[in-house]
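The values are calculated or read from the model by the stated rules, or taken from the named source; none is laboratory data. Every value quoted in this text rests on a predicted model; they were computed, and no experiment measured them. Cβ: placed from backbone, ideal geometry, glycine included. Neighbour counts: every protein chain shown. Surface areas here come from the heavy atoms of the whole protein model, side chains and all, with no ligands, DNA or RNA. Shrake-Rupley method; radii C 1.70, N 1.55, O 1.52, S 1.80 Å.
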Amino acid sequence: MSDTTLFTSGRIAPRLLRFALPVLGALFLQSFYGAVDLLIVGQFGASEDVSAVATGTMMMQTITFIITGLAMGTTIQMGQALGAGKNEKAANIVGTSIIFFTILALLVTVLMIFLTRPFAILMQTPKEAFDKTLMYVHICSAGTVFISGYNMLGSVFRGMGDSKTPLMTVLVACIMNIFGDLLFVVVFDMAASGAALATVIAQAFSVIFCLILVRKKGLPFKFGRNNIKWDSSIVRMVCKTGAPISLQDGLVTVSFLVIAAIINGLGLIASAGVGVAERVCGFIMLVPSAFSQSLSAFVAQNVGAGEYGRARKALYYSIIASLACGLFMGSGAFFKGDLLAAVFTKEAPVIEAAHSYLKAYAIDTLFVSFLFCFIGYFNGCGKTKFVMIQGLIGAFLVRIPVSFLVSKTANPTLFKIGLATPCSTVVQIILCGIYFVIVERKIKSRELKA
């Protein structure tokens, strides 16, 4: 029987923390096995290899975030179904999601083959790294089906309150990726191409291992071949919930790609520096990201059961925990960011550029402790359209314009350009605070009528 947890009763903080810790571990390992590519290439390759992996990874992350956002629709719908005791509906959601994400993976793979070159051009990829960037993305695109498979399966487990299985799955991927990087990059001297090949193999193993665990543990409801069928109503339901998250994640990532393109225009060192900084940022943002994902599942189950008070308290606990960790990790990135960057590259100019950009992200670490938790709460409530709207406002009305304007000043340092991110986050927090008050008033009004 699967390690299923219902969050609709018992003490809130311990249950949320026990669920969030494996999510944090999985996110850490995801960031780590992605960072291993850049770390090993940075130590055994040249600046153009670092730039190629950094730029190519941004495209792959965009695709991953889009798929993850859609998969969140499965998590939320499953969580609400289980919270309401509708096990048959939960089984049908899983079966339909299998077909839907398989088709999605095939479509995305085809698109990536044709869009990689235009993407590299739009990103103003330095000419020294252009061909290597194309090769990196083309190889990684072969793993899109595995990215979809992992995220779909992970969404199912998180929806039923099991965060340990996704952790074990990512652990396998991480170990395989490390061995693959050492083999292809260090031994065979394949640089960026070797890192891409190692990533695809690692993703394949993670999906296979996840399927083995599913077969061994089972699911908390009856599930068979009859559940694996195309149900248009379920697809619409999952997409209605997940598409706004996917669109928001995708377009917000695009906003960061635009910023990266602006920075790429400053030269190879700036491009490599931001690539390194983004990897470090992936780690310092882990705690709020973990609570955001955990809250989505926790709140979804409680909303399905009508336990709105528990959902609200979970939000408060998450903000407190995220902020405490944010103070610690942000301080480390601001004052010791050069040491963190040195882990990924040996070139002093790249380290200096990365530290400059990291200082701005360190400031943002404090603000996202609020923002990410709000996003997780609203996702769990099914208010994904608002999440999309506030994300797009922050990205396209604040982050990109501020970055562009700063880049045109007399001394456009990476720190100044990076400040566009915390500026955007502050605006989004204000929007979330206003919407939270509106949602709470509606909930209390319904409770009084009931």
- Accessible area (Å², 1.4 Å probe, nearest 10) - LYS444: 110 Å²
- Message: Just to confirm the number: angle between the C-alpha axis of helix 12-44 and the first principal axis of the chain, 0 to 90 degrees, nearest 10?
- Response: 20 degrees
- Note on the structure: For the stretch 183-262, inverting the pair-averaged 1/r of distinct alpha-carbon atoms gives a Kirkwood value in Å of 17.1 Å
- Message: Please enumerate, by chain and number, the aspartates and glutamates with C-alpha under 18 Å from the C-alpha of LYS444, excluding those fewer than 8 residues away in the same chain.
- Response: GLU307
- Query: What whole number of Å gives the distance from the Cα centroid of the stretch 127-200 to the Cα centroid of the stretch 327-367?
  - Reply: 25 Å
- Return one number: the angle in degrees, 0 to 90 and rounded to the nearest 10, between the long axis of the Cα atoms of helix 47-83 and the longest principal axis of the Cα atoms of the chain. 0 degrees
- Item | Ranked order, PHE334, PHE378, PHE283 - accessible area, probe 1.4 Å, largest first | PHE334, PHE283, PHE378
- How far is helix 420-449 tilted off the main Cα axis of the chain, in degrees rounded to 10, range 0 to 90? 0 degrees
- Query: Please identify the chymotrypsin sites (Phe, Trp or Tyr not before Pro) of the stretch 216-274 that satisfy two criteria: DSSP loop assignment and at most 13 other Cβ atoms within 10 Å. Which are they?
  - Reply: TRP230
- Task: Would you grab the residues whose amide H sits under 5 Å from the one on MET190? Only those 5+ places off in sequence or on another chain, please, with H modelled 1.01 Å from N.
- Result: VAL185
- Three principal axis extents, largest first, for the C-alpha atoms of the stretch 81-145, in Å? 57, 20, 14
- Query: Just the accessible area for PHE179, please: 1.4 Å probe, Å², rounded to the nearest 10?
  - Reply: 140 Å²
- Task: Could you tell me the distance between the Cα centroids of the stretch 16-30 and the stretch 392-450, to the nearest Å?
- Result: 26 Å
- Query: With every protein chain kept in the model, how would you rank TYR435, TYR317 by accessible area, 1.4 Å probe, largest at the top?
  - Reply: TYR317, TYR435
- Message: Taking the Cα centre as origin and putting +1 on Lys and Arg beta-carbons and -1 on Asp and Glu beta-carbons, what dipole magnitude results for the chain, to the nearest 20 debye?
- Response: 1960 debye
- To the nearest 10 square angstrom, how much accessible area does PHE372 have with a 1.4 angstrom probe? 50 Å²
- So for LEU183, LEU339, what's the accessible-area order with a 1.4 Å probe, most first? LEU339, LEU183
- Query: 222 nm [θ] for the chain, helices only, -39500 (n - 2.57) per DSSP H run of 4+, per residue, to 500?
  - Reply: -29000 deg cm²/dmol
- Share of accessible surface on carbon and sulfur in the stretch 342-434, whole %, 1.4 Å probe and ligands ignored, is 76 percent
- Message: Probe of 1.4 angstrom, ligands and nucleic acids ignored: what's the accessible area per residue over the chain, in square angstrom?
- Response: 41 Å²
- Using a 10 Å cut-off on Cβ atoms, rank the peptides 53-62, 133-142, 167-176 from the highest mean neighbour count down. 53-62, 133-142, 167-176
- Query: To the nearest 20 debye, what is the magnitude of the charge dipole of the stretch 133-252 about its Cα centre, counting +1 on the Cβ of each Lys and Arg and -1 on the Cβ of each Asp and Glu?
  - Reply: 760 debye
- Item | Accessible surface of the stretch 243-293, 1.4 Å probe, proportion on carbon and sulfur as whole % | 72 percent
- Item | Quotient of Cα Rg and 2.2 N^0.38 Å for the chain, N being how many residues it contains | 0.94
